[in-house]
Amino acid sequence: MSGSYDESAGADDTMDSFWEVGNYKRAVKRFDDGHRLCNDLMGCLQERAKIEKAYGDQLNAWSKRWRQLIEKGPQYGSVERAWLAVMTEADKVSELHQDVKNNLLNEDVEKVKNWQKEAYHKQMIGGFKEAKEAEEGFKKAQKPWAKKLKEMEAAKKTYHMACKEERLAAAREANGKTEASVTPDQQKKLHEKVDKCKQDMQKAKEKYEKSLEELSKCTPQYMECMEQVFDQCQQHEVKRLTFLKEALLDIKRHLNLTENQSYVTIYRELERMIQAISTQEDLRWFSNNHGPGMPMNWPAFEVKHPQFGPNRLPELLPGFILYALIFLCRSTTQTNVSSYDKNQAYSTEWSDDEQPTAYSGNENGGNRNSFEDDSSTGKGVRVRALYDYDGQEQDELTFKAGDEFTKTEDEDEQGWCRGRLDSGQEGLYPANYVEPI
């Protein structure tokens, strides 16, 4: 009898076992959980996409603000270019994070959604087809064993009640033997009651043992059928877990920018710009634009002429003298010269408004100033502009850094050279603004 109670106590320890009646529901519930986990994963990815977009937008706003501050600030030269390259890095990284957002939403979320739709089929009455099929399979496999188990439980209960009755009858019989008030007839009845209880207990025991034996015979078949249905559930779960592994690998590939060649290129270019910082180049630029290297129109004696700038007096003075000599010769020629050859060189019919034919514009190409030095038509030397220069006078050239043109005259005492652009325009320019090619 004590063995029966121990068996019952052991059964209590296994009440949560899969093999207990109805405990297959946890395996069935995995279908509902799997569908819900797909929704959770999609929600997780959507939140991450929002974070990626917000980060990209913040990078763009930060880059725009600081780019304006740097461009308007006092920093200059190669350090300024490297600093601005950090803003360019932010813009490009922002684009990559926008790509991450798009990949998460357009590829990963859609992939999970499509797989979920194919793996779980909703029913009109609620729930999923796969869960219903699994539950029906478990019920069918468990039904014969559950019936035998119920019969065994009833037989066990009857046997335990018979054992209890037998113990009570034996206790009454023992008490009757010690009490003087109990007659022999009463003691006889008590003894008969004990015998009957023993017989009932033995019958209940035999029935209990038989039902337990029948249940044990049914158990292997029960286990086999239950395992078949469980394996079907496992196969579906294998598909879910395998898909999630592939999906998570795709997500990792989209999130891991270090594997993106564009990301590597961004920082390679940023490092190149930083390594290109040149202290000497920046100092030289500042000196030439804001220091001693700047050109200067030093004060000098100036004669204002309508057609020429004040700085051209040393160059144009010989022309003025020649012009005066020409008018002097005209006066002399009108009174003293009569030969044909002199009349061809100096006309006796000049008026005060006419120009001497020996210095007419046609002999100088029609466009050049008749008083400019004819040596400018020579071949000259090719030079390249180091800096931008805007001509301040009509006779000065205008060019950009990197432009190439021809130097037709060497530097004068004031630091100016004469040159000719490829367009044909001639004029003066600062000598220290160019270098020979």
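The values are calculated or read from the model by the stated rules, or taken from the named source; none is laboratory data. Quick caveat: nothing in here was measured; it's all calculated off a predicted structure. Cβ coordinates were reconstructed from backbone atoms using ideal geometry, including for glycine residues, and neighbour counts include every protein chain displayed. Calculation scope for accessible area: heavy atoms of the full protein, side chains included, ligands and nucleic acids excluded. Shrake-Rupley method; radii C 1.70, N 1.55, O 1.52, S 1.80 Å.
Listing for the model above:
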quantity	calculated
Total residues in segment 412-426, condition open to solvent by less than 30 Å² (accessible area, probe 1.4 Å) and on the phi > 0 side of the Ramachandran plot	1
Filter result for Ala11 (at pLDDT 95 or above and either under 30 Å from Leu270 (Cα atoms) or among the small types (Gly, Ala, Ser) (or both))	no
Members of segment 113-148 that are of a type in the set (A, V, I, L, M) and open to solvent by less than 40 Å² (accessible area, probe 1.4 Å)	Ala119, Ala131, Ala134, Ala141, Ala146
Residue under evaluation Lys205, criteria (1) loosely packed, with under 12 Cβ neighbours inside 10 Å; (2) not assigned by the TED database to the domain that holds Lys143, criterion not met	(1)
Selection status of Leu270, assigned by the TED database to the domain that holds Met42, within 32 Å of the chain's Cα centre (by Cα) and within 30 Å of Lys117 (Cβ to Cβ)	no
Residue among Asp108, Asp99 that is outside any loop (DSSP other than H, G, I, E, B), open to solvent by 40 Å² or more (accessible area, probe 1.4 Å) and either within 19 Å of Asp250 (Cα to Cα) or of a type in the set (Phe, Trp, Tyr) (or both)	Asp99
Residue within segment 206-223 that is among the hydroxyl-bearing types (Ser, Thr, Tyr), closer than 30 Å to Phe128 by Cβ, in contact (Cβ under 8 Å) with a residue 40 or more places away in the chain and in a helix (DSSP H, G or I) present	yes
Residues that are assigned to a loop (DSSP other than H, G, I, E, B) and either touching a Lys or Arg at 6+ places or on another chain (Cβ under 8 Å) or within 20 Å of Asn289 (Cβ to Cβ) (or both), drawn from segment 394-432	Asp395, Leu397, Thr398, Lys400, Ala401, Gly402, Asp403, Gly415
Criterion (open to solvent by 40 Å² or more (accessible area, probe 1.4 Å), acidic (Asp, Glu), in the same structural domain as Asp33 (by the TED database) and within 60 Å of the chain's Cα centre (by Cα)) met by exactly one of Glu246, Glu151	Glu246
Looking only at segment 394-411, and only at residues there that are closer than 21 Å to Met296 by Cα and touching a helix residue (DSSP H, G or I) at 6+ places or on another chain (Cβ under 7 Å), the one that is most open to solvent (accessible area, probe 1.4 Å)	Glu411
Qualifying residue in segment 230-252 (condition: among the small types (Gly, Ala, Ser) and under 30 Å from Gln98 (Cβ atoms))	yes
Tally, over segment 62-96, of residues that are among the aliphatic types (A, V, I, L, M) and open to solvent by 60 Å² or more (accessible area, probe 1.4 Å)	1
Some residue of segment 126-142 being touching a residue at least 24 places away in the same chain (Cβ under 8 Å) and part of a strand (DSSP E or B)	yes
Counted residues, segment 14-58 - those being more than 19 Å from Asn114 (Cα to Cα), of a type in the set (S, T, N, Q) and modelled with pLDDT of 95 or more	1
Long-range neighbours under 6 Å by Cβ, at least six apart or interchain, first residue acidic (Asp, Glu) within segment 147-161, second open to solvent by less than 40 Å² (accessible area, probe 1.4 Å)	Glu151/Ser211
Residue within segment 173-184 that is hydrophobic (A, V, I, L, M, F, W, C), assigned by the TED database to the domain that holds Asp91 and open to solvent by less than 60 Å² (accessible area, probe 1.4 Å) present	no
